[in-house]
Amino acid sequence: SGHLAAHWDLMPTACELAGVPPPSGIDGISYVPLLKGDTARQQQHKYLYFELNTPNKRGVRMGDWVAVQPQTTSDDPDQDKTELYNLKDDLGQNNDLASRHPEKVAEFKKLFAEAHVPSEQFSLEAKKGKKKK
């Protein structure tokens, strides 16, 4: 299947299969329709946002495209280099297309800002007194 899903989709899927409502306030989308072959009823994510704290990096997957900031030093998406890949043509992410598609990079930077939730425990900013590698 080409359906975009993430681990947070498991909870609403399991809840639907068990016949109970999922918890409120979660981002997951049940993929039960997909499991039953009803692709017309399957809801889709607009995009998937991923963030890692060690090392600090983040990414957004939307359709065939993925944008990655492999070294994130700030919550501000304009502070760090953004790489852009078309997974349909380059599944191994070997050909950075950011310089050829600045409009896509700008779109993904908006998604970085929209999706990021600041956290004292998991900051994207470089740790004070430590140099990032």
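Taking Cα centre as origin and charging only the Cβ of basic (Lys, Arg, +1) and acidic (Asp, Glu, -1) residues, the dipole magnitude of the chain rounds to 440 debye.
If I take R0 = 25 Å and measure r between the Cβ atoms of Leu87 and Arg41 in this structure, what FRET efficiency does the formula 1/(1 + (r/R0)^6) give, to the nearest 0.05? Using R0 = 25 Å, I get an efficiency of 0.50.
Rounded to whole numbers, the Karplus 3J(HN,Hα) couplings from phi for region 44-60 are 10, 6, 5, 7, 10, 10, 10, 9, 10, 9, 9, x, 6, 7, 8, x, 10 Hz, using 6.51 cos²θ - 1.76 cosθ + 1.60 with θ = phi - 60°, and x at Gly and Pro.
Express in whole angstrom the spacing between the alpha-carbon centres of region 1-34 and region 46-72. Cα centroid of region 1-34 versus Cα centroid of region 46-72: 21 Å apart. Heavy-atom accessible area, probed at 1.4 angstrom with all protein chains present, ranks Ser99, Ser119, Ser1 as Ser1, Ser99, Ser119, highest first.
Under a Cβ-Cβ cut-off of 15 Å, what is the net charge of the residues other than Pro23 that fall near it, where Lys and Arg count +1 and Asp and Glu count -1? Combined, the nearby Lys, Arg, Asp and Glu give -3. The computed percent of Cα pairs over 24 Å apart for the structure shown corresponds, within (1) 22; (2) 41; (3) 35, to (2). Amide H contacts of Asn56 (H built 1.01 Å from N, in plane; Pro and chain starts excluded): Thr72 sit under 5 Å, all sequence-distant by 5 or more or on other chains.
What share of Cα pairs, in percent, lie more than 15 angstrom apart in region 57-118? Show your work: numbers first, answer last.
Numbers: 813 of 1891 pairs.
Cα-Cα pairs in region 57-118 separated by more than 15 Å: 43 percent.
Roughly to the nearest percent, how much of the accessible area of the chain is carbon and sulfur, given a 1.4 Å probe? Walk me through the intermediate numbers first.
Working: 4650 of 8780 Å².
Carbon plus sulfur share of accessible area: 53 percent.
Phi angles of region 17-33 translate, via the Karplus equation with coefficients 6.51, -1.76, 1.60 and θ = phi - 60°, into HN-Hα couplings of 5, 7, x, 10, x, x, x, 6, x, 9, 8, x, 10, 4, 10, 4, x Hz per residue; Gly and Pro are given as x. Computed from Cα atoms, the angle from the helix 102-115 axis to the main principal axis of the chain rounds to 70 degrees.
The values are calculated or read from the model by the stated rules, or taken from the named source; none is laboratory data. What you see is a predicted model, and the numbers here were worked out from it, not measured in a lab. Backbone-built Cβ (ideal geometry, glycine too); neighbour counts: all protein chains shown. Just so you know, the surface numbers come from the protein's heavy atoms only, side chains and all, with ligands and any DNA or RNA stripped out. Shrake-Rupley method; radii C 1.70, N 1.55, O 1.52, S 1.80 Å.
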